[in-house]
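This is the structure I have questions about; it appears just below.
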Amino acid sequence: MRHRKAGKKLGRDSSHRRAVLRNMVTSLFRHEEISTTLAKAKALQPIADKMITLAKRGDLHARRQVLSYVMDKTIAHKLFDELKSRLLDRQGGYSRILRAGNRNGDNAPMAIVQLLLAGEDKKSKKTPKKDIKAKKTSKKKKTEEKAEVAEKEAVKEDNKEEASKES
């Protein structure tokens, strides 16, 4: 039994598994989208998110931690310079796993791992949440404006009735 044994073994020994995950994280940050098996994608996602969290922290110790894990120094610098600013306003969930069918040779379930863009919602690519809130507030403003116009018209009608009664 594997009680309290965290992490997937991926059919490899520990050093090979670490090397595979390090290479995959480096490739993900280089290309911002990679295709792999579903099990590897699920093992990769928390590591990639942790690297982005370290980049968002941005201090020297975080930079050294990322450099010790990522295989290419230029990719680590890209993570701290470009990707950090793009994902600064997000509180987590920096990557997405999309299922991509089965592989032809061995029928293994495949997945695509993507880094999310700045304003992109995790579940859909439609509209960012900020735009939705803006639409809601604009709807509220429109209903308030309609109510104000209706009130003004009612006041005008009351004034007309009072003027006709006085005459």
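Working only within the stretch 1-40, note down all residues that are among the hydrophobic types (A, V, I, L, M, F, W, C) and under 22 Å from Asn104 (Cβ atoms).
Pass one, the stretch 1-40, residues among the hydrophobic types (A, V, I, L, M, F, W, C): 1, 6, 10, 19-21, 24-25, 28-29, 34, 38-39.
Leu10, Val20, Met24, Ile34, Leu38, Ala39, listed by residue number.
Among the residues of the stretch 11-22, what is the count of those that are surrounded by 15 or more Cβ atoms within 10 Å (Cβ to Cβ) and either under 24 Å from Gly101 (Cα atoms) or over 22 Å from the mean Cα position of the chain (by Cα) (or both)?
The first filter runs over the stretch 11-22 and keeps only residues surrounded by 15 or more Cβ atoms within 10 Å (Cβ to Cβ), leaving 17, 20-22.
Going one step further and asking which of them are either under 24 Å from Gly101 (Cα atoms) or over 22 Å from the mean Cα position of the chain (by Cα) (or both), we end up with 17, 20-21.
Adding up the residues that qualify gives 3.
Here is a further query. List, please: which pairs have Cβ atoms under 6 Å, are six or more places apart or on different chains, and start with a residue in the stretch 31-45 that is touching a residue at least 12 places away in the same chain (Cβ under 8 Å) and end with one that is surrounded by fewer than 19 Cβ atoms within 10 Å (Cβ to Cβ) and in a loop (DSSP other than H, G, I, E, B)?
Thr37/Ala108; Ala39/Lys8; Ala43/Lys8
Among the residues of the stretch 53-94, write down those that are of a type outside the set (Phe, Trp, Tyr), within 28 Å of His16 (Cα to Cα) and in contact with a Gly (Cβ under 9 Å, 6 or more places away or on another chain).
Within the stretch 53-94, just Thr53 meets the criteria.
Within the stretch 23-70, can you find the residues that are over 20 Å from Lys84 (Cβ atoms) and charged (D, E, K, R)?
Lys40, Lys42
Given the criteria without any contact (Cβ under 8 Å) to a residue 60 or more places away in the chain and either more than 20 Å from Val113 (Cα to Cα) or not assigned by TED's automatic domain parsing to the domain that holds Asp106 (or both), does Thr26 qualify?
no
Being surrounded by fewer than 13 Cβ atoms within 10 Å (Cβ to Cβ) and in contact with a Pro (Cβ under 9 Å, 6 or more places away or on another chain) narrows it down to one residue among Gly101, Gly105; which is it? Working first, answer last.
Details: Gly105 fails: in contact with a Pro (Cβ under 9 Å, 6 or more places away or on another chain).
Answer to the check: Gly101.
Looking at (1) on the phi > 0 side of the Ramachandran plot; (2) in contact with an Asp or Glu (Cβ under 9 Å, 6 or more places away or on another chain), find the lone condition where Arg30 falls short.
Unmet condition: (1).
The values are calculated or read from the model by the stated rules, or taken from the named source; none is laboratory data. Please read these numbers as outputs of a predicted model, since none were measured by experiment. Ideal geometry is used to build each Cβ from the backbone, glycine not excepted, and the neighbour counts take in all protein chains shown.
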